[in-house]
1. Residues that are open to solvent by 50 Å² or more (accessible area, probe 1.4 Å) and in contact (Cβ under 8 Å) with a residue 24 or more places away in the chain, at least 2 per element: which helices (runs of 4 or more DSSP H) completely within region 94-159 meet that?
2. May I ask you to list the residues in region 47-72 that are outside any loop (DSSP other than H, G, I, E, B), under 12 Å from Asp35 (Cα atoms) and open to solvent by less than 70 Å² (accessible area, probe 1.4 Å)?
3. For region 363-378, which residues satisfy the criterion of being crowded, with 21+ Cβ neighbours inside 10 Å and either basic (Lys, Arg) or farther than 18 Å from Leu341 by Cα (or both)?
4. State whether the residues of region 77-93 include one that is open to solvent by 50 Å² or more (accessible area, probe 1.4 Å) and either among the basic types (Lys, Arg) or in a helix (DSSP H, G or I) (or both).
5. So which residues in region 4-46 are assigned to a loop (DSSP other than H, G, I, E, B), within 17 Å of His108 (Cα to Cα) and either hydroxyl-bearing (Ser, Thr, Tyr) or open to solvent by 40 Å² or more (accessible area, probe 1.4 Å) (or both), if there are any at all?
6. Name the helices (runs of 4 or more DSSP H) wholly within region 292-386 that hold at least 3 residues that are more than 25 Å from Asp267 (Cα to Cα), without any contact (Cβ under 8 Å) to a residue 60 or more places away in the chain and small (Gly, Ala, Ser)?
7. From the list Gly16, Gly43, Gly21, Gly27, which one is at positive phi and within 28 Å of the chain's Cα centre (by Cα)?
Amino acid sequence: MPSYQDTIAAIATAPGAAGIGIIRVSGAEALAVADRVFAAASGTPLAKTPGGRAVYGHIVGEHAETIDEAIALVMRAPHSYTREDVVELQCHGGSTVLRRVLGLVLAHGARLSERGEFTKRAFLSGRLDLSQAQAVMDVVSARTDRALSVAESHLAGHFSGRIQAMRDRCLAMIAHLEAAIDFPEDDIDDIAIDEVERGVTDIRTDIRKLLATAHTGRILRDGLLTAIIGKPNVGKSSLLNALLREDRAIVTDIPGTTRDSIEETADIGGVPLRIIDTAGIREATDAVERIGVEKARDYASRAALVLALFDGSQPLTDEDREILSLIEGRQAIVLLNKADLGTVTTAATIRDAFSSLSTVPILSISTKDERGFDELTAAITRIAGITETPEESYVSGERDAALLRAADDHLRAALETIGRGLSADFISIDLRSAWEKLGEITGETVGEDIIDEIFSRFCIGK
């Protein structure tokens, strides 16, 4: 079982060749451990260096041989990420040199950190609450500017601030009720309960507003899984390339060029779109293409959004009608491609053939000159729930959404208790349960096992 009194170390930068690589060391012995592997050019030990200083020197091995040039950044408690003494050794970014430096640090008194242990220590020291700690990974993994903005907002405490405000209001109501219980002679019971009823209603309204952002928050964090489907040669790969702004997929006039699925992420109006370009759906002529077609059907059934592409310069075929049947009841956008060649199939044609698609957006586009792409971006952002004036706080994870729903259930129970005319004791129990559920979001009332599970999802070194 690891001790949080230990001094820990890990490589804090991504693997691979780079100009700089960082070994992060944190704990009471961080400066002493670093001094055993780092020789400052000035000759002054890091243990005697003030915090907030960068020191030039060399990493030295067991026999005083030079391993690498390096800069040591000294951060003294509590003015560091973990609120412990921290040293970051900035070396050259090759994987071999970083592994060797880390090995030296571990041999001289540090232990390898667990996943997310640096951020866990920041949480345990009170520098971050649990919601902010989870936002650290959202910042690291953000795929669009909008996703980064939301993650930074969470890291700054805007989301947890709203949760804390709800907890404070719950606690104030609990105190009010308990005062009414403790001093019945003051005849404040009815007044207290009336105020609690209004307060609970207001908090439930705030919770519903937050829960309404969960769909968008989840998309911004995880991306919107999107399948491009259509028969061969309608421009699926051209659409993928246009959305990615690069030639990712092979484009030819030969039907059936794409036989396997290609997945990439594109930033469409701030929405991280996880796009899958699938094989053309038709009666396959060989075994390999048949596998690709089956995978295309499978992706169409599992995707959160389907972009169904058709050649708008040609009449609908039986294959087109089969593809349209695949998107009935699905979140989809119908795209009539090749608008630059003229229009034969229109939105009215589609709606006449499939009345069930009356609410599905149908757009005329051209992957050749990107005609209609602004409208496509607008349709995608509407589906994702992105607005011109985005919320400052989003519910970005299912755990937070589930806890908000649980808190709302307890608040609803409190209103039902009030409606039945039960005593203030029972109302207080419901309110305290809601207060505890909200506290699990910020980490104030969460168990150690849950904390361990959350930080186990982080990368080592963060």
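1. Values: elements: 95-107, 117-124, 130-141, 145-155.
By residue number, 95-107, 130-141, 145-155.
2. Matches in region 47-72: Ala47, Val55, Gly57, His58, Ile59, Val60, Ala72.
3. Passing the criteria: only Leu376.
4. Yes, region 77-93 has at least one match.
5. At the first step, the residues of region 4-46 found to be assigned to a loop (DSSP other than H, G, I, E, B) are 4-7, 12-20, 27-29, 41-45.
In the following step, the residues that additionally are within 17 Å of His108 (Cα to Cα) were identified as 5-7, 27-29, 45.
Those that are assigned to a loop (DSSP other than H, G, I, E, B), within 17 Å of His108 (Cα to Cα) and either hydroxyl-bearing (Ser, Thr, Tyr) or open to solvent by 40 Å² or more (accessible area, probe 1.4 Å) (or both): Gln5, Asp6, Thr7, Ala28, Glu29, Pro45.
6. Values: elements: 318-326, 347-353, 373-384.
The helices (runs of 4 or more DSSP H) meeting that bar are 347-353.
7. Answer to the check: Gly16.
Yes/no matrix, rows are residues, columns are (1) modelled with pLDDT under 95; (2) open to solvent by 20 Å² or more (accessible area, probe 1.4 Å):
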residue	(1), (2)
Leu411	no, no
Ile418	yes, yes
Ser428	yes, no
Glu436	no, yes
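The values are calculated or read from the model by the stated rules, or taken from the named source; none is laboratory data. Keep in mind that what you see is a predicted model, and the values were worked out from it rather than measured. Cβ: placed from backbone, ideal geometry, glycine included. Neighbour counts: every protein chain shown. For accessibility, only protein heavy atoms count, side chains too; no ligands or nucleic acids. Shrake-Rupley method; radii C 1.70, N 1.55, O 1.52, S 1.80 Å.
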